[in-house]
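Quick notes on the structure that follows.
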Number of protein chains: 2
Amino acid sequence: MRPSKRDELVEKALLVFYRHGFHATGMDKLVAETGISKTSMYKHFPAKEDLILAALTLRDKQFRRWLFRRMEQLGSTPRGQLIAMFDGLKEWFAQEGFQGCMFMKAAAEYQKFSDPIHMKSADHKSILISYFSDIAQRAGAEDPDSLARRLLLLKEGAIVAAQLRITKNPAMDAKAAAKILLADALGQ
Amino acid sequence: MRPSKRDELVEKALLVFYRHGFHATGMDKLVAETGISKTSMYKHFPAKEDLILAALTLRDKQFRRWLFRRMEQLGSTPRGQLIAMFDGLKEWFAQEGFQGCMFMKAAAEYQKFSDPIHMKSADHKSILISYFSDIAQRAGAEDPDSLARRLLLLKEGAIVAAQLRITKNPAMDAKAAAKILLADALGQ
DNA sequence: CGTTATATTAACCGATCAGTACGCCATTCT
DNA sequence: AGAATGGCGTACTGATCGGTTAATATAACG
């Protein structure tokens with residue numbers, strides 16, 4: 001099944017938003033970069049906000065699929081998978097075109113908690129916590145939610161550090177810290 | 001010398017940028033919110049970017065002064081000060097009008113590493129690391145830089161979590177994690 | 001009081017913003 | 001072949017963007 005014109009638009013818009021930001025990306029620029037006419041865009045999405053939300057939905061799906069799969073590939077045990085997350089992050093940070101977390105940036109530009117874009121960004125992170133918590137429970141953590149929240153802090157911090165390039169290898173810093181936290185939570 | 005108009009402008013601009021974002025804040029809106037004429041603004045700052053940089057400089061000074069003082073007040077030992085940072089963060093998160101880290105948001109809107117705004121944001125975080133590292137050394141850490149980087153990850157992660165409200169008490173999650181990392185680094 | 005320097009209002013600039021109206025052109029149905 | 005349909009590019013809308021210009025108002029200082 002060939003990708004529909006709509007999906008093609010969302011995919012390309014996602015890249016442009018990710019690279020240049022949301023407010024900084026005008027619809028005209030989107031037309032120029034995607035080659036899709038403005039009329040078509042507004043036929044699929046009545047407003048820019050709807051297009052942004054669609055892009056975030058796609059990003060959420062893409063990112064989770066990639067991260068979860070990579071964790072499974074790199075880690076053989078539940079504990080190993082949690083630690084492998086940071087190996088996955090390292091790969092992500094090293095990718096050309098890495099520009100930080102799209103949801104963080106979206107929340108930074110649309111700050112109101114009631115804004116659908118902000119809410120969507122928060123949802124993405126909540127889903128990650130649930131996933132981490134499930135694995136933490138299988139790993140035998142006494143308080144899997146607590147461990148999941150701590151690992152999320154390390155992950156988000158590492159992304160910030162990578163985006164700003166304030167440290168050389170934030171993913172491995174986070175990995176080292178995660179090992180210590182895991183040792184504590186799982187009783188070695 | 002009477003309080004300069006320039007400082008007044010920067011202070012007010014800082015608040016508006018923090019609350020509404022950078023691209024979303026036009027110069028006309030700044031005129032409306034500060035009561036300062038556009039001509040005066042452009043006399044002090046030749047471009048919007050210069051005003052943003054001045055606001056970030058002020059924010060850097062304000063935030064560091066506040067955080068470092070609070071750490072000294074709440075912690076009596078070097079180790080205690082590092083942990084007290086997260087008590088300080090908790091207070092910050094609870095403040096009305098808390099909207100996340102201004103430098104994160106600035107870096108999110110001005111993504112190019114060569115952009116002065118991005119560089120300024122990264123500088124702020126680097127200074128924090130140095131400060132943490134100094135304290136970590138006084139606390140007797142074997143590798144104070146490494147410990148400082150890990151604590152920064154927790155701090156940045158907590159700010160993200162607080163901004164997005166994805167967990168209830170990110171500052172205390174980070175504090176608990178920090179205690180574990182400190183116990184490991186200081187061999188207690 | 002007059003001169004000078006500074007701050008103000010307000011209009012204005014071209015460019016761009018999100019969003020819309022319209023006319024061209026190819027396909028399809030008759 | 002001819003009419004109708006629907007997708008698409010173009011050009012336009014009023015509003016706002018960052019930034020400038022000119023004339024006026026205010027204050028300081030001799």
- [ ] For segment A:4-58, just say rounded, prolate or oblate: build the C-alpha gyration tensor, square-root its eigenvalues into a ≥ b ≥ c, call rounded for a/c under 1.5, and beyond that prolate if a/b exceeds b/c, oblate if not.
- [x] rounded
Task: 20 Å cut-off, amide nitrogen to a point 7 angstrom out along B:R19 Cα→Cβ, residues in segment B:38-63 - done: B:38, B:41, B:51-60, B:62-63
TODO: Determine ³J(HN,Hα), in whole Hz, for all residues of segment A:167-183 in sequence, where each value follows from phi through the Karplus function 6.51 cos²θ - 1.76 cosθ + 1.60 and θ = phi - 60°; x replaces Gly and Pro.
DONE: 10, 6, 9, x, 5, 6, 4, 5, 4, 4, 5, 4, 4, 5, 5, 5, 4
Task: Cα-based helix-to-principal-axis angle, B:48-74 vs chain B, degrees rounded to 10 - done: 30 degrees
Open item on the list: Just the number please: accessible area per residue for chain B, 1.4 Å probe, all protein chains included, in Å².
Closed with: 46 Å²
Task: Farthest positive-ward along the protein assembly as shown dipole, Cα basis, beta-carbon charges - from B:G88, A:S76, B:H23 - done: B:H23
Open item on the list: Based on alpha-carbon centroids, what's the gap between segment A:157-184 and segment A:61-95 in Å, whole number please?
Closed with: 14 Å
- [ ] Using θ = phi - 60° and the Karplus relation 6.51 cos²θ - 1.76 cosθ + 1.60, list the HN-Hα couplings for segment A:150-160 in order, rounded to whole Hz, with x at every Gly or Pro.
- [x] 5, 5, 4, 4, 5, 4, 5, x, 5, 5, 4
TODO: Work out which chymotrypsin sites (Phe, Trp or Tyr not before Pro) in chain A are exposed loop sites (DSSP not H, G, I, E or B, at most 16 other Cβ within 10 Å) and give the longest gap free of them.
DONE: A:1-97
- [ ] Starting from the Cα gyration tensor of segment B:79-142, take the square roots of the eigenvalues, sort them a ≥ b ≥ c, and report rounded, prolate or oblate (rounded when a/c is under 1.5, otherwise prolate if a/b is larger than b/c, else oblate).
- [x] oblate
Task: Crossing angle, helix B:116-138 versus chain B [Cα axis fit, 0-90 degrees, rounded to tens] - done: 30 degrees
Task: Exceeding the 25 Å Cα-Cα cut-off - candidates A:K38/B:K38; A:K90/B:K105; A:K120/B:K155; A:K112/A:K179; A:K12/A:K43; A:K105/B:K112 - done: A:K38/B:K38; A:K112/A:K179
Open item on the list: Ignoring ligands, DNA and RNA, please state the percent of accessible area on segment B:30-186 from carbon and sulfur, probe 1.4 Å.
Closed with: 47 percent
Open item on the list: Given the -39500 (n - 2.57) contribution per DSSP H run of 4+ residues, what per-residue ellipticity at 222 nm results for chain B, rounded to the nearest 500 deg cm²/dmol?
Closed with: -25500 deg cm²/dmol
- [ ] Tell me, rounded to the nearest percent, the portion of alpha carbon pairs in segment A:57-186 spaced more than 22 Å apart.
- [x] 34 percent
- [ ] Taking every pair of Cα atoms in the protein assembly as shown, average 1/r, invert it to obtain the Kirkwood radius, and report Rg/Rh to two decimals.
- [x] 0.99
Open item on the list: Can you tell me which of A:A47, A:A136, A:A171 moves the most in a GNM of chain A? Springs connect C-alpha atoms under 10 Å apart.
Closed with: A:A47
- [ ] Report, in debye and to the nearest 20, how large the dipole of the protein assembly as shown comes out about its Cα centre when Lys and Arg carry +1 and Asp and Glu carry -1 on their Cβ.
- [x] 480 debye
Open item on the list: Per residue of segment B:30-40, what does 6.51 cos²θ - 1.76 cosθ + 1.60 with θ = phi - 60° give for ³J(HN,Hα)? Whole Hz please, x for Gly and Pro, Karplus curve as stated.
Closed with: 4, 4, 5, 7, 9, x, 9, 5, 4, 4, 5
Task: Residue order for B:E72, B:E91, B:E142 - accessible surface, 1.4 angstrom probe, largest first - done: B:E142, B:E72, B:E91
Open item on the list: Roughly how large is the A-B contact in terms of buried accessible area, totalled over both chains, probe 1.4 Å, nearest 100 Å²?
Closed with: 3700 Å²
TODO: Could you pull the copy-to-copy label distances for A:D28, with points set 7 Å along Cα to Cβ, in nm to one decimal and sorted shortest first?
DONE: 1.7
Open item on the list: For a Förster distance of 35 Å, can you work out the FRET efficiency between the beta-carbons of A:D28 and A:I127, rounded to the nearest 0.05?
Closed with: 0.55
Open item on the list: Just to check, using Stokes-Einstein with a Kirkwood Rh over alpha carbon pairs, what's the diffusion coefficient of segment B:1-130 at 25 °C and 0.890 mPa s in µm²/s?
Closed with: 153 µm²/s
Task: Computed E for A:S37/B:S40 - FRET, C-beta separation, R0 56 angstrom, nearest 0.05 - done: 0.80
Open item on the list: On C-alpha positions alone, give me the angle between the axis of helix A:78-94 and the longest principal axis of chain A, in degrees, nearest 10.
Closed with: 40 degrees
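The values are calculated or read from the model by the stated rules, or taken from the named source; none is laboratory data. Computed from a prediction, not measured in an experiment: that's the story for all the values here. Neighbour counts are summed over all protein chains in view; Cβ atoms, including those assigned to glycine, are modelled from backbone coordinates with ideal geometry. All accessible areas refer to the heavy atoms of the entire protein, side chains included, with ligands and DNA or RNA removed. Shrake-Rupley method; radii C 1.70, N 1.55, O 1.52, S 1.80 Å.
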